1. Given the range B:129-237, what helices (runs of 4 or more DSSP H) lie entirely inside it while holding 1 or more residues that are among the polar types (S, T, N, Q) and more than 16 Å from ligand 2 (Cβ to nearest atom)?
2. Looking at this structure, is B:Ser387 within 16 Å of ligand 2 (Cβ to nearest atom) and open to solvent by 30 Å² or more (accessible area, probe 1.4 Å)?
3. Out of the residues in the range B:65-86 meeting the condition of being more than 12 Å from B:Met50 (Cβ to Cβ) and crowded, with 19+ Cβ neighbours inside 10 Å, tell me which one is farthest from the other protein chains (Cβ to nearest Cβ).
4. Tell me yes or no: at least one residue of the range B:404-417 is touching a Ser or Thr at 6+ places or on another chain (Cβ under 6 Å), within 16 Å of ligand 2 (Cβ to nearest atom) and outside the structural domain of B:Ala20 (by TED's automatic domain parsing).
5. What is the residue count in the range A:296-321 for residues that are under 15 Å from A:Val282 (Cβ atoms) and open to solvent by 20 Å² or more (accessible area, probe 1.4 Å)?
6. When the range B:428-444 is examined, which residues are found to be over 18 Å from the mean Cα position of the chain (by Cα) and within 14 Å of ligand 2 (Cβ to nearest atom)?
7. Pairs under 7 Å by beta carbon, first residue within 14 Å of chain A (Cβ to nearest Cβ) in the range B:16-37, partner more than 16 Å from ligand 2 (Cβ to nearest atom) and open to solvent by less than 10 Å² (accessible area, probe 1.4 Å), six or more apart or different chains?
8. Any residue that is within 16 Å of ligand 2 (Cβ to nearest atom), within 26 Å of B:Met48 (Cβ to Cβ) and open to solvent by 10 Å² or more (accessible area, probe 1.4 Å) - is there at least one of those in the range B:454-467?
Amino acid sequence: MHTKSLKGLTIPLISVLAGFIVGAILMLIFGYDPIQNYQNLLKGSLGGIYSIGETLRNMISLILTALGFAVASKAGFFNIGGPGQYLIGWFGAIVFTLKFSHLPAVILIIGALLCGALAGGLWSMIAGVLRAYFGTSEVITTIMLNYIILYLVNFAVKSWLASKGSDSSPNITTKANLNTPFLQHITDNSTFNWGFFIALAVVGLVWFYFKKTKSGFEIQAVGLNESASQYAGVNVKRTIIIAMLISGLLAGLGGAIDGLGNFENISVSNNLPNVGYNGMAVALLAAGNPIGIIFSALLFSALQIGGLSISVYSNTPSEIVDIVIASIIFFVGIKYAFELMTKKGWLKRKNKVVKGGAEK
Amino acid sequence: MEDYVVEMRHITKQFGSYKANNDISLQLRKGEILALLGENGAGKSTLMGMLSGLLEPTEGEILINNKVVRMDNPRDAKRLGIGMVHQHFMLIPAFSVLENIILGDEPTKATRIDYKKAASDIEELAEKYHLDIDVHAKVRDITVGMQQRVEIMKALYRKANIFIFDEPTAALTPQEIDQFIKILRALAAEGNSVIFITHKLKEIKEVADRCVVIRMGKVIETVQVAETKEETLAEMMVGRKVNFAVEKEETDKTKTVLAVNDLNVEVHGLPKVKDLNLTVHSGEIVGVAGVDGNGQSELIEAITGLRKIKKGTVELKGKFLQNLGARKISEAGIGCIPEDRQNVGLILPFTIAENLVLKSYHKKPASQHGLLNYKKINEIGRQLIKSFDIRSQSEKELAGDLSGGNQQKVIVAREISANPDLLIAANPTRGVDIGAIEYIHEKIIEQRNTGHAVLLISFELDEILKLSDRIVVMHEGQIVGEIDPRHTSSEELGLMMAGKTPIGQEG
Ligand SMILES: Nc1ncnc2c1ncn2[C@@H]1O[C@H](COP(=O)(O)OP(=O)(O)OP(=O)(O)O)[C@@H](O)[C@H]1O
Ligand SMILES: [Mg+2]
């Protein structure tokens with residue numbers, strides 16, 4: 001909340017630029033045309049109504065999982081449970097919609113989203129409770145919780161939701177679909193859905209939460225200095241649990257929206273949903289700033305959606321996009337080195353005096 | 001041209017548009033002890049930060065042994081033979097004392113760290129300089145005083161020949177200070193040069209050759225210490241006369257405010273406070289004297305709800321508070337200026353205003369219906385900054401950017417302005433300049449005069465003797481004696497603190 005935003009922009013911008021340069025160099029080495037490919041990337045992600053719709057839709061869960069990760073980091077925790085919380089949110093929303101399909105659309109949708117978010121929150125809260133009362137590292141517990149929920153959901157889908165011989169639940173009723181005919185109509189039949197606006201509203205809520213509320217203040221206090229918070233009378237245990245709860249709520253909501261707006265059902269899967277991990281990267285690039293997360297999610301989403309079309313228009317493998325994404329994350333990761341260099345003046349040398357140890 | 005070990009020429013350091021140092025020049029000779037004196041926020045630490053490679057001067061140059069040097073980081077400074085003990089400790093809590101001392105300078109044997117050699121080297125130094133440290137303890141478990149000794153040991157271990165000590169005596173007891181003064185003398189006698197920052201004029205008179213007085217980022221004067229009186233030094237530094245006497249009114253001391261009964265506290269299974277009994281009445285300042293590490297910290301933490309009480313009761317105006325938790329206890333009317341200002345008293349990345357409401361953010365006027373009212377918070381901030389003379393650029397400045405003494409003033413302002421029934425003050429004037437000490441003492445006495453109770457814990461026997469109505473001596477977790485400050489001396493108090501049978505015991 002106290003970052004000087006202008007100065008804070010340099011690092012992400014440098015990282016993104018560096019990521020693109022690395023990608024370009026690799027393409028040159030392997031004989032692909034970087035300019036052509038980047039043009040295709042841009043076209044594929046933002047070049048038309050349809051692709052814009054896809055890119056924006058893909059942003060939704062990136063934004064929400066990133067917000068979830070950011071909330072936990074504010075409290076000083078590294079919540080790797082995003083994928084699991086997203087998955088249980090998705091599962092929760094689908095179950096609710098299937099079981100209460102007779103409810104009117106609006107109530108059905110709200111109920112499903114709440115059910116998914118709550119499932120994510122409670123799941124993540126387990127790690128918070130373990131951390132608060134037993135000091136268990138949340139890094140380890142959230143990873144374990146990810147795998148537990150993956151297999152639990154698979155088991156539940158297979159033995160409870162799916163019809164015999166199938167690996168997927170039935171589709172939800174169309175009235176619960178967030179990708180309404182109206183939106184399909186104006187976005188050229190893309191998967192763009194109402195969840196996008198929900199995500200934007202949640203960004204505003206999270207921003208407000210940290211800027212203005214007592215509870216947000218406490219989370220930041222605990223994240224920055226636990227002993228001082230305890231001394232100040234903050235209930236540290238409760239704050240830790242609340243932070244993890246909110247973190248999971250957000251990721252769970254991301255899963256719920258994707259469930260209703262994009263997948264429309266849930267299937268058995270071998271892997272944890274990637275979006276949970278990508279959300280971490282989005283949050284890191286935005287340095288946890290809620291508004292920054294919107295832009296950072298837009299970038300990642302555009303890369304992912306645009307990346308699909310790279311291999312359509314040329315013989316460049318779409319994996320090149322993964323390399324660009326990975327490089328950006330890498331450069332964000334070494335941002336501390338950048339910061340140090342800017343601070344120490346290595347990037348703008350003006351003094352001519354002998355450096356370091358003039359001998360005695 | 002004279003030979004100087006260190007010469008700083010026309011140094012200016014700007015933070016944004018604010019000039020923390022403005023055209024400062026100083027010289028240090030071989031074998032000399034040079035004192036730096038100046039108010040909180042005058043720019044002493046900033047100046048020394050540039051000499052130890054932590055900060056880069058905006059303008060000016062630094063010469064070491066007559067050569068212009070540039071230092072980009074503390075390693076460069078170390079190579080030049082400069083060792084600095086910072087005002088705020090730079091220790092890693094999870095590491096042992098030994099690991100902290102050798103960090104960055106580990107002796108190795110076949111690529112492995114030779115802990116044996118390190119330990120024996122350190123023990124040798126500890127013996128030579130009479131520094132009492134427990135090399136195997138974890139830093140997070142040791143007292144502030146011990147941390148200070150560890151920091152001093154770090155500098156000695158690194159075999160520098162230019163030593164900078166930034167307020168090393170703020171957290172030391174009088175005996176330890178005497179010992180430290182001896183260390184300074186020994187270092188100088190061995191041909192090393194020393195820069196010594198302190199707010200205690202007595203120490204400057206005792207050990208320094210010359211003294212540079214800084215005010216608002218500028219050198220006011222450089223004087224020969226032997227030829228200058230303490231009062232003159234004080235006046236030069238503050239720019240006005242300082243009044244050292246305090247006014248204590250008669251008060252009614254019949255009402256018990258705090259009653260601690262049979263208190264027992266354990267840390268890692270070891271008893272730290274044993275069957276302790278203590279009462280503090282309204283209109284009374286009770287001083288707790290004791291050698292560092294005799295359970296004073298644990299006593300405070302237990303009363304304020306930060307540490308679990310194993311047995312016994314804590315009663316405030318008849319209400320039992322033991323193990324109620326910090327929030328309830330503070331709401332019940334106990335305020336506390338903690339020992340460790342940076343790790344406990346403040347959240348450094350928060351603004352001054354936020355830190356000033358750190359204990360009241362959850363209620364009106366700072367917040368309402370779960371929402372913070374920043375307009376009010378900043379208003380409270382501005383007002384306290386003004387009345388406690390916290391030298392800062394604005395209430396939105398980060399607490400971490402304040403000078404050490406001004407950080408202390410933020411805590412004092414927050415705790416005293418809450419007007420608690422019982423104020424616990426642990427080294428309330430640690431690192432604070434004499435002008436501000438005067439003010440804080442006035443405020444503490446004002447609390448007493450208006451019928452509040454004060455429990456004062458301090459390394460400064462003079463402070464305890466001056467403020468207290470009653471002094472209790474703590475030794476090995478127990479109160480071993482009680483004494484009337486009007487009929488005692490620091491010597492007698494010192495003996496009692498060491499656990500010797502007290503003379504003239506009253507209680
Ligand atoms: N990183 C920073 N950013 C902005 N201002 C700073 C920063 N560091 C120091 N200052 C300001 O520079 C001034 C000088 O601070 P400095 O720490 O040098 O004072 P000092 O003389 O050591 O005081 P004290 O006796 O309280 O330790 C203060 O007003 C402080 O607020
Ligand atoms: Mg200082």
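1. B:144-157, B:174-189
2. No.
3. Step by step, filter the range B:65-86, then rank; the result is B:Val85.
4. Scanning the range B:404-417, I find no residue that is touching a Ser or Thr at 6+ places or on another chain (Cβ under 6 Å), within 16 Å of ligand 2 (Cβ to nearest atom) and outside the structural domain of B:Ala20 (by TED's automatic domain parsing), so the answer is no.
5. Number satisfying all stated conditions: 4.
6. None - no residue of the range B:428-444 is over 18 Å from the mean Cα position of the chain (by Cα) and within 14 Å of ligand 2 (Cβ to nearest atom), so the list stays empty.
7. B:Lys30/B:Ser193
8. no
The values are calculated or read from the model by the stated rules, or taken from the named source; none is laboratory data. If you're wondering where the values come from, they're calculated on a predicted model, not measured in any experiment. Ideal geometry is used to build each Cβ from the backbone, glycine not excepted, and the neighbour counts take in all protein chains shown. Remember, those area values only see protein heavy atoms, side chains included, never the ligands or the DNA or RNA. Shrake-Rupley method; radii C 1.70, N 1.55, O 1.52, S 1.80 Å.
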